[in-house]
Amino acid sequence: MARVELMLRENLRHLGKLGDMVSVSPGYARNFLLPRGLAAPATSENRRVLARKRERQDAEEKAKNAELAARAAALGGLVLETTERSDEKGHLYGSVNALRIAELLNEKGFEISDDSIRLDEAIKESGTHEIVLHLFGETTVNVTVEVTGEGENREASRAEILAEVDAAEEAEAASELEDTAAEEPAEGSEGTE
């Protein structure tokens, strides 16, 4: 079966990049690529035009990759902190989803949409969680999200207060014991005289 040689006018995921020579079936070329303007016949004029277009696109891509590298370096190692309502065991009443993480990033000055955040499922437990941000193409960055539960804090505060009260009571009881122990020998020594 005869194949048709074409030059791509745009990047196509499963076929190639702009300016690439591809060999496709005549039906695919006639019914899909040529009518949509995705490819052009492989003539010398088209090769020159597409070569210039590819050079411009490569320069733009290089600049974009440099920008993404700088952005990835700024985001790398970033720790986002949030406090959410939870029970005393650390189970969140709601969840921390991609939209909430995007809000946290925007508060830190990074404009990232929620569809760039890769979560297998929403975060429903307090603690430290690693998430992946998809910046562009194959560029991804890991970010840490520390979720603290309000219910946990109340219980921890309550436990700290109870520990302080217990310590104060123990100190008071110890001082009373010392006072009574100091008074008893003094009384005993007075009676022996």
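The table below lists the values:
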read-out: Within the stretch 88-128, tally of residues that are over 24 Å from LEU68 (Cβ atoms) and part of a strand (DSSP E or B); value: 11
read-out: Any pair with Cβ under 8 angstrom, 6 or more apart, that starts in the stretch 144-168 at a residue that is under 30 Å from LEU78 (Cβ atoms) and open to solvent by less than 70 Å² (accessible area, probe 1.4 Å) and ends at one that is at pLDDT 80 or above and assigned to a helix (DSSP H, G or I); value: VAL145/ILE101; VAL145/LEU104
read-out: The stretch 1-56, residues that are at pLDDT below 90, in contact with a Lys or Arg (Cβ under 7 Å, 6 or more places away or on another chain) and at positive phi; value: GLY19
read-out: Top-ranked residue in the stretch 49-72 [being within 20 Å of the chain's Cα centre (by Cα) and among the small types (Gly, Ala, Ser); ranked as least open to solvent (accessible area, probe 1.4 Å)]; value: ALA72
read-out: Subset of the stretch 12-53 that is free of Cβ contacts under 8 Å to residues at least 24 places away in the same chain, part of a loop (DSSP other than H, G, I, E, B) and not hydrophobic (A, V, I, L, M, F, W, C) - its residue that is nearest to GLU138 (Cα to Cα); value: ARG13
read-out: Selection count, the stretch 26-48, where residues are in contact with a strand residue (DSSP E or B) (Cβ under 7 Å, 6 or more places away or on another chain) and surrounded by 12 or more Cβ atoms within 10 Å (Cβ to Cβ); value: 9
read-out: Filter pass, GLU172 being closer than 16 Å to VAL79 by Cα, acidic (Asp, Glu) and modelled with pLDDT of 75 or more; value: no
read-out: Which numbered condition LEU80 misses (of (1) in a strand (DSSP E or B); (2) open to solvent by 70 Å² or more (accessible area, probe 1.4 Å); (3) closer than 30 Å to ASN142 by Cα); value: (2)
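The values are calculated or read from the model by the stated rules, or taken from the named source; none is laboratory data. The structure displayed is predicted, hence computed values, not measured ones. Every residue, glycine as well, gets a Cβ built from its backbone with ideal geometry; the counts of neighbours run over all protein chains shown. Areas reflect the complete protein model, heavy atoms only, side chains present, ligands, DNA and RNA absent. Shrake-Rupley method; radii C 1.70, N 1.55, O 1.52, S 1.80 Å.
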